[in-house]
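Participant: Structure in structure tokens, see below.
The values are calculated or read from the model by the stated rules, or taken from the named source; none is laboratory data. The shown structure was predicted, so the numbers you read here are calculated from the model rather than taken from an experiment. Glycine gets a Cβ as well: all are built from the backbone with ideal geometry, and neighbour counts include every protein chain shown. Accessible surface areas use protein heavy atoms only, side chains included; no ligands, DNA or RNA. Shrake-Rupley method; radii C 1.70, N 1.55, O 1.52, S 1.80 Å.
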Amino acid sequence: LPYSTLFRSKQWYQRRVRGTGKVRNRNLSKADTAQLIQDIWNQKIVSDAEKEHGTDLADFLHSYLQQKYQEDLLVVEWGYNIHHACGLYRNEPHVGLFYETLTGDADDSVYSALCTQHDALLTHLYQASLKYDSEGSLLVKNIPPLLQAFFPLKDVTDVEELMATFADSDKVNVKALFNTDREGSISDFLKTLYSQFYKERTQYVKDLHAALVSISSSDKKEYHIQDLCKAFEITDPEKSSKEVNKLLAKVFSLNLEQLSSVGPVDRELLLQRLRSSGLIRSGPKGV
């Protein structure tokens, strides 16, 4: 079996452990787990930058552990402990995303999309903070217009939901909003950003599905890539064809050159892959 299958299976670890003797349960704390998965993400980003196509997270994790420990038993031991700890702490959004990507329930484009969004928002807020405070802090009352400017597609309720995370504060340190604390948890502000991303992605996929139905019919069981491209034009007209093709290539694990030759895709498979991808709307819905 490929490592992308093996590393998604807790049962595989259990079988390997029985075959090699007991392994140490390292009882990884949430802080240790958060630090470890961040290092894995960082190393994967560097590794993927050198390749035409990114590596599956499960495959990369195996390579990462092999390079770090160079002994099969330690690779299995740490793989099992990481898998177990991520499952244990998956209610934390940043840990849960790693776990879902590792198990194949989420595409790693989700991490890429969120990382890009969070880095850009951090820069946006931090630069604004320097106008008021040399240490990078903002008065809470000054944050709403900054969020609305950065997220023009969010409605007032979404911004209010983000602002509610500052209910007990008059002033916040911008960088602290995007870091993990000593316990390995992220801020309530960042948790809300994760939650809103998933909610917006769900609506985006519903809109794409509705557009697909309007293009063809509600009882159609398969769609062509060309149908989906038209659905994007309806649902998100500001997204360029280049962005759409890049996203579709990622969703279907294809080269850009292969997209034109893809046959009809099962409707449920298509929607499932879109629901697990890093979809972010580029502009308002078309009329």
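Participant: Mind listing which trypsin sites (Lys or Arg not before Pro) in segment 185-287 are in a DSSP loop and have 16 or fewer other Cβ atoms within 10 Å? Provide the component values of the computation, followed by the final result.
Facilitator: Values: sites: Lys191, Lys199, Arg201, Lys206, Lys220, Lys221, Lys230, Lys239, Lys242, Lys246, Lys250, Arg267, Arg273, Arg275, Arg281, Lys285; in loops: Lys220, Lys221, Lys239, Arg281, Lys285.
Passing both the DSSP loop test and the Cβ count: Lys220, Lys221, Arg281, Lys285.
Participant: Using each residue's phi in segment 76-89, evaluate 6.51 cos²θ - 1.76 cosθ + 1.60 at θ = phi - 60° and report the 3J(HN,Hα) Karplus result to the nearest Hz, with x for Gly and Pro.
Facilitator: Each residue's phi maps through the Karplus curve to give 5, 4, 6, x, 5, 5, 5, 4, 5, 5, 5, x, 5, 9 Hz.
Participant: Which value, in Å³ per residue, describes the convex hull spanned by the Cα atoms of the chain? Please list the in-between numbers first.
Facilitator: Details: hull volume 45.2 nm³, N = 287.
Convex hull volume per residue, Cα atoms: 158 Å³.
Participant: To the nearest 20 Debye, how big is the dipole of segment 116-175 about its Cα centre, given +1 on the beta carbon of each Lys and Arg and -1 on that of each Asp and Glu? Numbers along the way, then the final one.
Facilitator: Numbers: 5 positive and 9 negative charges, 45 e Å.
Using only the charged Cβ atoms, the result is roughly 220 debye.
Participant: Keeping the other protein chains in place, figure out the carbon and sulfur percent of the accessible area of segment 41-110, with a 1.4 Å probe.
Facilitator: Of the solvent-accessible surface of segment 41-110, carbon and sulfur hold 44 percent.
Participant: May I pose another question? Starting at the first residue of segment 31-44, write each ³J(HN,Hα) from the Karplus equation 6.51 cos²θ - 1.76 cosθ + 1.60 with θ = phi - 60°, in whole Hz, x for Gly and Pro.
Facilitator: Once rounded to whole Hz, the list reads 5, 4, 5, 4, 5, 5, 5, 5, 5, 5, 4, 4, 5, 5.
Participant: Build a GNM of the chain with springs between Cα atoms under 10 Å: which of Gly79, Gly136, Gly96 gets the top mean-square fluctuation?
Facilitator: Gly136
Participant: What is the percent of Cα-Cα separations in segment 200-248 that go past 16 Å? Don't skip to the end; give the middle numbers.
Facilitator: Values: 408 of 1176 pairs.
Percentage above 16 Å: 35.
Participant: Okay, next question. Carbon-plus-sulfur fraction of the accessible area of segment 158-209, 1.4 Å probe, in percent? Spell out each step's value before the answer.
Facilitator: Details: 1180 of 2770 Å².
Carbon and sulfur: 43 percent of the exposed surface of segment 158-209.
Participant: List the GluC sites (Glu not before Pro) within segment 151-213 that DSSP assigns to loop and that have no more than 14 neighbouring Cβ atoms inside 10 Å. Numbers along the way, then the final one.
Facilitator: On the way: sites: Glu160, Glu161, Glu183, Glu200; in loops: Glu183.
Here the GluC sites (Glu not before Pro) that fit, given the DSSP loop and packing criteria, are Glu183.
Participant: Is segment 230-270 best put as rounded, prolate or oblate by its Cα gyration tensor, with a ≥ b ≥ c the root eigenvalues, rounded for a/c under 1.5, and otherwise prolate when a/b is larger than b/c, oblate when not? Show your work: numbers first, answer last.
Facilitator: Numbers: a/c = 2.04, a/b = 1.27, b/c = 1.60.
Oblate, since a/c reaches 1.5 and b/c is not below a/b.
Participant: Give me a comma-separated list of calculated 3J(HN,Hα) values for segment 168-175, in order, Karplus coefficients 6.51, -1.76, 1.60 applied at θ = phi - 60°, integers in Hz, x for any Gly or Pro.
Facilitator: 3J(HN,Hα) across segment 168-175, in whole Hz: 9, 10, 9, 8, 10, 7, 4, 5.
Participant: Next question, about the same structure. Name the long-range amide H neighbours of Thr103: under 5 Å, sequence gap of 5 or more, or other chain; modelled H, no Pro or chain starts.
Facilitator: Amide H to amide H, under 5 Å and 5 or more residues apart or across chains, Thr103 pairs with nothing.
Participant: A further question on this structure: When ligands, DNA and RNA are left out and all protein chains stay put, how many square angstrom of accessible area per residue does segment 22-66 have with a 1.4 Å probe?
Facilitator: Working: 2550 Å² over 45 residues.
With all protein chains present, segment 22-66 gives 57 Å² per residue.
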